[in-house]
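Okay, structure first, notes after.
The values are calculated or read from the model by the stated rules, or taken from the named source; none is laboratory data. The model shown is predicted, which means the values in this text are computed figures rather than measured ones. Here the Cβ positions follow ideal geometry from the backbone for every residue, glycine too, while neighbour counts run over all protein chains shown. Remember, those area values only see protein heavy atoms, side chains included, never the ligands or the DNA or RNA. Shrake-Rupley method; radii C 1.70, N 1.55, O 1.52, S 1.80 Å.
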Amino acid sequence: MTFTIIVLPGDGIGPEVTHAARQVLDAAAAQTGIEITYKERLIGGCAIDRLGTALDEATLAECQQADAVLLGAVGGPKWDDPTAPVRPEQGLLALRKGLGVFANLRPVRVYPVLVDASPLRPERLQGVDLLVVRELTGGLYFGEPKGRLRQDGREGAVDSLVYWDYEIERVVDLAFQLAAGRRGRLASVDKANVLETSRLWRQIVQQVSRRYPQVQVEHVLVDTAAMRLVTSPAAFDVIVTENMFGDILTDEAAVLAGSMGLLPSASLGGRGGGLYEPIHGSAPDIAGQGIANPLGAILSAALLLRYALKQEKAARAVEQAVERALQEGCRTRDLGGSLSTRAMTDAVLDRLSLEDSF
Ligand code: NAD
Ligand code: IPM
Ligand code: MN
């Protein structure tokens, strides 16, 4: 079997971590007997510099045709001028929208060996294994009107938070399915005490919940959820929430795991095989030094193997190789170690074995 993957390394550490993920994918593919053809394309700041746009139409079309898309990160200080007409992040948003990937799965695991890498007390981290399902193609990121306002000589700006029933239903339904396959608990996070969109969200969660009597659902206000993520994170199983709340809560959740560099994501929905990217950004502060943690990207490659290529055994083998490497003390600097990106990747490759995976 041959699969086509579009690789969008992007900016900053994006190329460093996608290179690592590709090496691991290659090794997993060789052991599985599948073939992968890669096409590398531009997105983000580097695309603005070379093409004048953060994502060109031809690249989006190729992504829509591909079996999966693997992305590094976009953005950086070079393109951060708030008055710039084009921004790297527009490319990422256009890609998510263009692929129709409405559900962004962000699993958060705490590896027992890494509890010291988190500022939280070890007893609070025990048993943390949660999954955030973030709505990805609606809400504040996309709502209209959006832009600058001018009135009576004053300058303003507007972003609109808009959700339609079907946008909520499809992501909530997927979250219920995922919860049913896990520990059967779903926390729907909103701000229903203030936002009309959240009250619609709650109403739809209640409707969908009738289809999943085996799932215990609770509604949690986002401010409380932010607190509970650090006071009792192990109590969460699946969290489903709108676009921006999910963005913010998952950076917070990365603190449980020990580093931003660890968390992967899979963006599903639409017709294609999905979009796979670590949750971190382009990390301009460490870019080009060869010290970025590649595990978020490598674990995203594992999700790609699972959801896009349907290679469950290979996906598990990658996850187990990562776990073994960490257990045996391999760490990049963000986790208090001294391994380079390359050495950490080699540590995973050395432990990758489909035969030993269970
Ligand atoms: P960031 O995630 O890039 O970095 C936050 C902190 O985490 C930094 O100290 C960084 O060094 C560290 N970090 C992140 N990934 C790491 C890794 N793999 N290994 C080790 N340390 C890591 O967030 P930021 O600095 O706020 O944003 C920088 C740029 O990235 C911005 O332009 C932002 O828009 C963009 N961004 C892009 C994405 C994406 O492409 N998906 C996600 C988030 C931010
Ligand atoms: C993420 C990032 C993006 C988001 C930005 C870069 C558009 O923070 O993937 O988490 O907010 O979705
Ligand atoms: Mn983010």
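Of all residues in region 222-259, which are closer than 25 Å to V101 by Cα, more than 15 Å from ligand 3 (Cβ to nearest atom) and either free of Cβ contacts under 8 Å to residues at least 12 places away in the same chain or of a type in the set (F, W, Y) (or both)?
F236
Go through (1) within 16 Å of ligand 3 (Cβ to nearest atom); (2) farther than 18 Å from L131 by Cα; (3) crowded, with 24+ Cβ neighbours inside 10 Å; (4) not aliphatic (A, V, I, L, M) for T345 and report which single condition fails.
Among (1) within 16 Å of ligand 3 (Cβ to nearest atom); (2) farther than 18 Å from L131 by Cα; (3) crowded, with 24+ Cβ neighbours inside 10 Å; (4) not aliphatic (A, V, I, L, M), T345 violates only (1).
Among the residues of region 285-298, write down those that are within 23 Å of G246 (Cα to Cα) and either within 16 Å of ligand 3 (Cβ to nearest atom) or part of a loop (DSSP other than H, G, I, E, B) (or both).
Residues of region 285-298 within 23 Å of G246 (Cα to Cα): 293-298.
N293, P294, G296, A297 - these are the residues of region 285-298 that are within 23 Å of G246 (Cα to Cα) and either within 16 Å of ligand 3 (Cβ to nearest atom) or part of a loop (DSSP other than H, G, I, E, B) (or both).
Identify the single condition in (1) open to solvent by less than 10 Å² (accessible area, probe 1.4 Å); (2) more than 16 Å from ligand 1 (Cβ to nearest atom); (3) among the polar types (S, T, N, Q) that T250 does not satisfy, given that it satisfies every other one.
Failed condition: (2).
Confirm whether G288 is in contact with a strand residue (DSSP E or B) (Cβ under 8 Å, 6 or more places away or on another chain), modelled with pLDDT of 95 or more, open to solvent by 10 Å² or more (accessible area, probe 1.4 Å) and more than 11 Å from ligand 1 (Cβ to nearest atom). First the steps, then the outcome.
Numbers: in contact with a strand residue (DSSP E or B) (Cβ under 8 Å, 6 or more places away or on another chain): no; modelled with pLDDT of 95 or more: yes; open to solvent by 10 Å² or more (accessible area, probe 1.4 Å): yes; more than 11 Å from ligand 1 (Cβ to nearest atom): yes.
Judged against the criteria, G288 is not a match.
Condition (residue is farther than 30 Å from V322 by Cα and at pLDDT 95 or above) applied to region 23-45: is it met by at least one residue?
Within region 23-45 (the criterion being farther than 30 Å from V322 by Cα and at pLDDT 95 or above), the answer is yes, since at least one residue qualifies.
I'd like the full set of residues that are assigned to a loop (DSSP other than H, G, I, E, B) and open to solvent by 30 Å² or more (accessible area, probe 1.4 Å), limited to region 65-83.
D67, D80, D81, P82, T83
Are there any pairs with C-beta distances below 7 angstrom linking a residue in region 9-21 that is within 13 Å of E277 (Cβ to Cβ) and more than 7 Å from ligand 1 (Cβ to nearest atom) to a residue that is of a type in the set (D, E, K, R) and open to solvent by 10 Å² or more (accessible area, probe 1.4 Å), with the two at least 6 apart or on different chains, and if so which?
That search, which allows pairs on different chains as well, returns P9/E40.
Being assigned to a helix (DSSP H, G or I) and either surrounded by fewer than 17 Cβ atoms within 10 Å (Cβ to Cβ) or hydrophobic (A, V, I, L, M, F, W, C) (or both) is the filter here, so list the residues in region 1-30 that pass it.
Kept after step one, since they are assigned to a helix (DSSP H, G or I), are these residues of region 1-30: 14-30.
The answer is V17, A20, A21, V24, L25, D26, A27, A28, A29, A30.
Quick check on this structure: which one of I6, I36, I48, I13 is within 15 Å of ligand 2 (Cβ to nearest atom) and closer than 27 Å to R342 by Cβ? I'd like the intermediate steps shown before the answer.
Values: I6 fails: within 15 Å of ligand 2 (Cβ to nearest atom); I36 fails: within 15 Å of ligand 2 (Cβ to nearest atom); I48 fails: closer than 27 Å to R342 by Cβ.
I13 is the lone residue from the list that is within 15 Å of ligand 2 (Cβ to nearest atom) and closer than 27 Å to R342 by Cβ.
Scanning region 300-311 for residues that are touching a helix residue (DSSP H, G or I) at 6+ places or on another chain (Cβ under 6 Å) and open to solvent by 10 Å² or more (accessible area, probe 1.4 Å), which turns out nearest to ligand 3 (Cβ to nearest atom)?
Keep residues of region 300-311 that are touching a helix residue (DSSP H, G or I) at 6+ places or on another chain (Cβ under 6 Å), which gives 301-302, 305-306, 311.
Now drop any that are not open to solvent by 10 Å² or more (accessible area, probe 1.4 Å), which leaves 306, 311.
Numbers: R306: 22, Q311: 28 Å.
Step by step, filter region 300-311, then rank; the result is R306.
Out of curiosity, is V194 assigned to a loop (DSSP other than H, G, I, E, B) and among the hydrophobic types (A, V, I, L, M, F, W, C)? Even if it seems obvious, please write down each step before you answer.
Numbers: assigned to a loop (DSSP other than H, G, I, E, B): yes; among the hydrophobic types (A, V, I, L, M, F, W, C): yes.
Taking the combined requirement at face value, the residue satisfies it.
Open to solvent by 40 Å² or more (accessible area, probe 1.4 Å), touching a Ser or Thr at 6+ places or on another chain (Cβ under 8 Å) and either within 16 Å of ligand 3 (Cβ to nearest atom) or closer than 25 Å to A266 by Cβ (or both), is that true of E218? Before the answer, list the steps.
Values: open to solvent by 40 Å² or more (accessible area, probe 1.4 Å): yes; touching a Ser or Thr at 6+ places or on another chain (Cβ under 8 Å): yes; either within 16 Å of ligand 3 (Cβ to nearest atom) or closer than 25 Å to A266 by Cβ (or both): yes.
Against the criterion (open to solvent by 40 Å² or more (accessible area, probe 1.4 Å), touching a Ser or Thr at 6+ places or on another chain (Cβ under 8 Å) and either within 16 Å of ligand 3 (Cβ to nearest atom) or closer than 25 Å to A266 by Cβ (or both)), E218 qualifies.
Testing R124 on (1) crowded, with 16+ Cβ neighbours inside 10 Å; (2) charged (D, E, K, R); (3) not in a helix (DSSP H, G or I), one condition comes back false. Which one is that?
If we test R124 against (1) crowded, with 16+ Cβ neighbours inside 10 Å; (2) charged (D, E, K, R); (3) not in a helix (DSSP H, G or I), just (3) comes out false.
Going through E169, E144 one at a time, which residue ends up being in a strand (DSSP E or B), of a type in the set (D, E) and open to solvent by 50 Å² or more (accessible area, probe 1.4 Å)?
Only one candidate passes the filter, namely E144.
Name every residue in region 89-118 that is open to solvent by 50 Å² or more (accessible area, probe 1.4 Å) and within 14 Å of ligand 1 (Cβ to nearest atom), in order of residue number.
Residues satisfying the conditions are E89, Q90.
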